[in-house]
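Undergrad: Please read through the structure below; I'll follow up with questions.
The values are calculated or read from the model by the stated rules, or taken from the named source; none is laboratory data. Everything numeric in this text was worked out from a predicted model, so none of it was measured. When we count neighbours, we look across all protein chains shown, and the Cβ atoms used for this are built from the backbone with ideal geometry, even at glycine. Accessible surface areas use protein heavy atoms only, side chains included; no ligands, DNA or RNA. Shrake-Rupley method; radii C 1.70, N 1.55, O 1.52, S 1.80 Å.
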Amino acid sequence: MRNLLRLCPLLFALVLLLGAGPAFAGKRVALVLANSAYQHAPSLANPVNDGSVMAKTLKEAGFDVVDSRHDLSALDTRRVLRDFADATRDADIAVVYYAGHGIEVEGSNYLIPVDAKLERDTDVYDEALSLDRILVAVEPAKQLRLVILDACRDNPFGKRMKRTVASRSIGRGLAQVEPSSPNTLIAYSAKAGFTAQDGDGANSPFTVALSKHLTTPGLDVRRAFGYVRDDVLKSTGNKQEPFVYGSLGGEDVPLVPVKVAATAPAASVANPQADIRRDYELALQVGNKAAWDAFLAQHPDGFYASLAKLQVEKIGAEQAHAAAIAKAKLAEAERDRLAALGAQKDAQTKAAADAKAAEQAQLAAQKAKEQAQQQAAAAEQQRVNLATAAPGAAPATTASPTGTNVASLTPATAPADLSRSVQTELGRVGCFSGQADGNWNTSSQRSLSQFNRYAGTKLDVKVASTDALDTVKAKPSRVCPLVCEHGFKADGDKCSKIVCRESYAVNDDNECEKQRAAKPATAKRDDGDERPARQRRQSGGVAAGAAGGYGAAAGIAAAAGGRRATSGGQVFCNNAGCRPVNRGCRLEYRGGGGPGNDANAEVCY
């Protein structure tokens, strides 16, 4: 009995070693499909190269089965999927990687074999393979079902494909999907509704990042795809963002487990930092102030306590910002109400001052919130880096209770980087045409204001915030309309010059209008005397009087004679009155004038 007790520690260590084996040595199988040589569409350069890289990566990671195929027809693809489904029945992890063309029809995704024609939209049901068929192949796996699609390219069949029903939609890229089976992840090379780039090299940016991070020993698959996302965004200038759909449980699920040591330790040594870390991660998952207060009550000092205090400050800043927004709205409403009622000037002035002060307080709360968010993000990034470098070890240094060491870290997202990201996203949705230089100037503020106008949002335009970045990134397509100069018209996302046919020209309304022929030049009538007729008559009467005429009749007749000496329409006046000169007659001035003596005589021919 005494000898048996002496052997207990050794037997216990052996049981631990043997018991840990199956958890880390589960069967892992993978299928790699790559289509480049399309028979009825332009060939793709990278998919076969990408498939070779992924097959090599998975083989070097120790996968039990890696079946790599390329340029398969629809029939051959179905047979390969059927055989792979048999291999997944006793597997813990099943992975399918596909590179090639994909298409979305009516919200469903399809992978396109190399022999597909797709002359009409309904052909996808017969000649393509639905994503659901791939999910059926990996469904028997027990621990993780992973489907990776590097298929978010431009659809070469979309422009010439006939629509059998006008309302049937054919989307750009692939559609968003929510897996119905548990422990299933579907990774896209680009977010739903967007297309991916093939890159300038032999492999796509997405596959390059996958081969770098996906099979890192001990790295949870979700975090691995986070690193892949960061690399692709960086290499494509924020134009392509990979996305993962589906969810897993709380345990880490690495594709490649960490190797177990050959011998078990004689006695396990407790690590208090590991317990604190678990408590911290639990509070981080809950994310409210009560959870952080409970954590600080249990762990008031040390590295994780400093991180928790930064999280509390961030929550407080967010709440203060929300309260400042509400107060500013109330102040503005009160100011408008008094103005509408026509209240006394003093009351309106005070209400306007209160509204202005509330607006300033809102801006200050916004800046404080962003600063707190950046500090908390920087601290959390440091914690993640430490945990990745040494998952079971304590931090190399611990911060003081005030958190000064953590707060002094470089923010995870510097203000200039945040401004540059917002500018880039505004340019993507058509609201910003300048260079994304990180300088949040008047032009950038006008661009965000224009986004608010067309998107119906109320983002603060004075600063580039994370709220603005998330809101703009959520828009999948153009928001602000394309504005072109005179003589140009909108053509998709570009301005093209308006070309009119011969004898037509662009008018002020930016439309082609027929040009009128130029009129010949004509001689202009010499109207040297622009004076009114009444003034001319008066001056004529004066002249007649100066010539010796007397009386009103002589003045009128002289004016008439001076004005119409050689044309019709003259008027003859004497003591009896005035009348028009008869047709074929004219007036001649005879001199004299006065009672009984006419100054003008009517001469007829």
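The rows are residues; the columns are (1) over 16 Å from residue 383 (Cα atoms); (2) more than 37 Å from the chain's Cα centre (by Cα); (3) open to solvent by 70 Å² or more (accessible area, probe 1.4 Å).
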{"position": "276", "(1), (2), (3)": "no, yes, no"}
{"position": "279", "(1), (2), (3)": "no, yes, no"}
{"position": "285", "(1), (2), (3)": "no, no, yes"}
{"position": "304", "(1), (2), (3)": "no, no, no"}
{"position": "307", "(1), (2), (3)": "no, no, no"}
{"position": "312", "(1), (2), (3)": "yes, no, no"}
{"position": "331", "(1), (2), (3)": "yes, no, no"}
{"position": "340", "(1), (2), (3)": "yes, yes, yes"}
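Undergrad: A further question follows. Give segment 42-60 a look and list any residue that's at pLDDT 90 or above and hydrophobic (A, V, I, L, M, F, W, C), or say none.
TA: Residues satisfying the conditions are 48, 53, 54, 55, 58.
Undergrad: Look through segment 446-501, keep the residues that are among the basic types (Lys, Arg) and assigned to a loop (DSSP other than H, G, I, E, B), and return whichever of them is least open to solvent (accessible area, probe 1.4 Å). Can you show your working first?
TA: Of segment 446-501, the ones among the basic types (Lys, Arg) are 446, 453, 458, 462, 473, 475, 478, 489, 494, 497, 501.
Right, trim to assigned to a loop (DSSP other than H, G, I, E, B) and you get 458, 462, 475, 478, 501.
Numbers: 458: 195, 462: 95, 475: 66, 478: 84, 501: 161 Å².
The extreme case among them is 475.
Undergrad: Quick check on residue 66: is it open to solvent by 10 Å² or more (accessible area, probe 1.4 Å) and assigned to a helix (DSSP H, G or I)? Give the steps one after another, and end with the answer.
TA: Details: open to solvent by 10 Å² or more (accessible area, probe 1.4 Å): yes; assigned to a helix (DSSP H, G or I): no.
No; evaluated as a whole, the condition is false for this residue.
Undergrad: Here is a further query. Within segment 112-137, how many residues turn out to be open to solvent by 40 Å² or more (accessible area, probe 1.4 Å) and touching a Lys or Arg at 6+ places or on another chain (Cβ under 6 Å)?
TA: 1
Undergrad: Which ones in segment 94-106 are in contact with a helix residue (DSSP H, G or I) (Cβ under 9 Å, 6 or more places away or on another chain) and in a strand (DSSP E or B)?
TA: Across segment 94-106, the qualifying residues are 94, 95, 96, 97, 98, 99, 102, 103, 105.
Undergrad: Kindly indicate which of 458, 494 is farther than 26 Å from residue 372 by Cβ and charged (D, E, K, R). Talk me through it step by step, then tell me what you get.
TA: Numbers: 458 fails: farther than 26 Å from residue 372 by Cβ.
None of the other options fit; the residue is 494.
Undergrad: A further question on this structure: Within segment 209-230, does at least one residue satisfy the condition of being modelled with pLDDT of 85 or more, of a type outside the set (Phe, Trp, Tyr) and part of a strand (DSSP E or B)? Explain how you work it out, then say what you get.
TA: The first filter runs over segment 209-230 and keeps only residues modelled with pLDDT of 85 or more, leaving 209-230.
Then drop every residue that is not of a type outside the set (Phe, Trp, Tyr), which leaves 209-224, 226, 228-230.
The next check asks that each one be part of a strand (DSSP E or B); those that pass are 220.
Yes, that holds for at least one residue.
Undergrad: Surrounded by fewer than 13 Cβ atoms within 10 Å (Cβ to Cβ), under 38 Å from the mean Cα position of the chain (by Cα) and without any contact (Cβ under 8 Å) to a residue 12 or more places away in the chain - does that describe any residue in segment 290-301?
TA: Yes: segment 290-301 contains one or more residues that are surrounded by fewer than 13 Cβ atoms within 10 Å (Cβ to Cβ), under 38 Å from the mean Cα position of the chain (by Cα) and without any contact (Cβ under 8 Å) to a residue 12 or more places away in the chain.
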